[in-house]
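Q: Provided herewith is a single structure, encoded as structure tokens, for subsequent inquiry.
The values are calculated or read from the model by the stated rules, or taken from the named source; none is laboratory data. All of these numbers come straight from a predicted model, not from anything done at the bench. Please note: Cβ atoms are built from the backbone with ideal geometry, for glycine as well, and neighbour counts cover all protein chains shown. Keep in mind that these areas ignore ligands, DNA and RNA; they rest on the heavy atoms of the full protein, side chains included. Shrake-Rupley method; radii C 1.70, N 1.55, O 1.52, S 1.80 Å.
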Amino acid sequence: MKKWHLIIDVDKCMDCNNCFLADKDEFTGNDFPPLSVAQPWSGQRWINIMRKERGQYPLVQVAYLPVPCLHCDDAPCINDSPPGTVYKRDDGLVIIDPVKAKGHREIVETCPYEVIYWNEEAQVPQKCTGCAHLMDEGWKETRCSQVCPTEAIRLVLADDAEISALVASEELRVLRPDLKDKPRVYYKNLQLWDKAFIAGSVVFADTDECGEGAVATVTVGGKKAGEATADNYGDFWVDRLEPDAVCTLTVEAAGYAPFTKEVKLGESLNIGTVPLQKAK
């Protein structure tokens, strides 16, 4: 059968919070039995947008990461909660039963992604339902995907084979793969959040011109880990590197002596100006 999946493109999210506001509009003050009770006015973000800066001035990138419930196939909230309080539907959506889960505050602590909240007034744990009530009405969009102006959030209703093909073709990844929870929320361009880059600005020392076209190569343990070509400002960004890696950066351009530097990455690094000297 076609199952629920959400695809979020980190590169397209601009932190407009339309998804958060649509979620509030849908669930605040509205009960949707037997799936959920009303979300309180404040204190809960059923889709929380995380923010992160990479690099150092002036070569800086900002990334925004929307995080709803991930509706895991091997969900810790199901495995670690009292039987029947949290369950998975046939379409893949994980639901906290607002009646059976009442009074069970410990359910909040079962989620390693911290996307379950406690409703003090109703005395129930709550989270994103994946707009299950709208799916049951035949909707083809969640409220968050419906309002996203950049199409950073996409709802995909697909069977297992179709989603596997999409994951491969679009290079999709999941948060915290080490947990092996099998989330149904996939991310595109997740390297903007969890990987590191080496950036710099190439200058041809003999002319003091920007080093457009220079090629920056990063190797780790003698193996090529990434490559980038300097733009018309001389700037290069070698991305998708593992944080804390020990790297060798080489910058080359025709007619110039190569520049080589050993780099110990913590997070993303702007190494500053790279002057290339004319070859002798």
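Q: Once you keep just the Cα pairs under 8 angstrom separated by 6 or more residues, what percentage relative contact order results for the chain?
A: On the way: 604 pairs, mean separation 55.2, N = 280.
The normalised contact order for the chain reaches 20 percent.
Q: At a probe radius of 1.4 Å, what is the per-residue accessible area of ILE153, in Å² to the nearest 10?
A: Its accessible surface works out to 10 Å², give or take rounding.
Q: Rank these residues by their accessible area, most exposed first, probe 1.4 Å: LEU6, LEU179. Let's see the in-between values first.
A: On the way: LEU6 5, LEU179 55 Å².
The ranking, largest first, comes out as LEU179, LEU6.
Q: Among GLU26, GLU121, GLU53, which one moves the most in a GNM of the chain with springs linking Cα atoms closer than 10 Å?
A: Looking only at GLU26, GLU121, GLU53, the largest GNM fluctuation is found for GLU121.
Q: Which value in deg cm²/dmol, rounded to the nearest 500, describes the helix-derived mean residue ellipticity at 222 nm for the chain, given -39,500 (n - 2.57) per DSSP H run of n ≥ 4 and division by the residue count? Could you put the intermediate results ahead of the total?
A: Values: 6 runs with 38 residues, N = 280.
Estimated from H runs of four or more residues: -3000 deg cm²/dmol.
Q: Applying 1/(1 + (r/R0)^6) with R0 = 41 Å to the Cβ-Cβ distance of SER169 and ASP136, what FRET efficiency is obtained, to the nearest 0.05? Mind dumping the intermediate values first?
A: Details: r = 30 Å, r/R0 = 0.72.
Efficiency for this residue pair is about 0.85.
Q: Straight-line reach from LYS102: which lysines have Cα under 17 Å away, leaving out those fewer than 8 places along the same chain?
A: Excluding near neighbours in sequence, the set is LYS127.
Q: Something else now. Which residues in the stretch 81-113 place their backbone N less than 14 Å from a point set 7 Å from the Cα of LEU157 along the Cα-to-Cβ direction?
A: Only 90-93 fall inside the zone, counting backbone N under 14 Å.
Q: Quick check: residue separation of ASP15 and ASP80 times 0.36 nm, minus the Cα distance between them. What number comes out in nm?
A: On the way: separation 65, 0.36 × 65 = 23.40 nm, distance 3.27 nm.
Here the answer is 20.1 nm.
Q: Which whole-Hz couplings ³J(HN,Hα) result when phi for each residue of the stretch 186-199 is put into the Karplus expression 6.51 cos²θ - 1.76 cosθ + 1.60, θ = phi - 60°, listed in order with x for Gly and Pro?
A: Residue by residue, the stretch 186-199 yields 10, 10, 9, 6, 5, 4, 5, 9, 10, 10, 10, 10, 10, 10 Hz.
Q: Let me ask you something else. Positive end of the charge dipole of the chain (Lys, Arg +1 and Asp, Glu -1 on Cβ, about the Cα centre): tell me which of THR217, ASN189, ASN18 has its Cα farthest that way.
A: THR217
Q: If you don't mind, another one. Going 7 Å from the Cα of GLU120 toward and past its Cβ, which residues in the stretch 3-41 have a backbone nitrogen under 13 Å from where you end up?
A: Residues 40-41 qualify, since their backbone N sits under 13 Å from the label point.
Q: Using heavy-atom solvent-accessible surface (probe 1.4 Å) with all chains present, what is the largest-first order of SER169, SER268? The partial results should precede the final answer.
A: On the way: SER169 85, SER268 10 Å².
Greatest to least solvent exposure: SER169, SER268.
Q: Taking only the C-alpha atoms, wrap a convex hull around the chain and report its volume per residue in Å³ as a whole number. Intermediate results must be reported in sequence, preceding the final value.
A: Values: hull volume 40.4 nm³, N = 280.
Value for the chain: 144 Å³ per residue.
Q: I've got another one for you. Find the lysine pairs in the stretch 141-280 meeting two conditions, Cα atoms under 24 Å apart and a separation of 8 or more places or different chains, and report how many there are.
A: Total qualifying Lys-Lys pairs in the stretch 141-280 comes to 14.
Q: What does the extension gain come out to for ASP244 and SER42, with contour length at 0.36 nm per residue minus their alpha carbon separation? Don't skip to the end; give the middle numbers.
A: Details: separation 202, 0.36 × 202 = 72.72 nm, distance 3.80 nm.
Gain on extension, ASP244 to SER42, equals 68.9 nm.
Q: In degrees between 0 and 90, to the nearest 10, how far off the longest principal axis of the chain does helix 18-27 point, with axes built from Cα atoms?
A: Between the helix axis and the principal axis of the chain, the angle is about 10 degrees.
Q: Can you give me the distance in nm between label points at LYS280 and LYS224, each placed 7 Å from the Cα along the Cα-to-Cβ direction?
A: Here the modelled spin labels are 3.0 nm apart.
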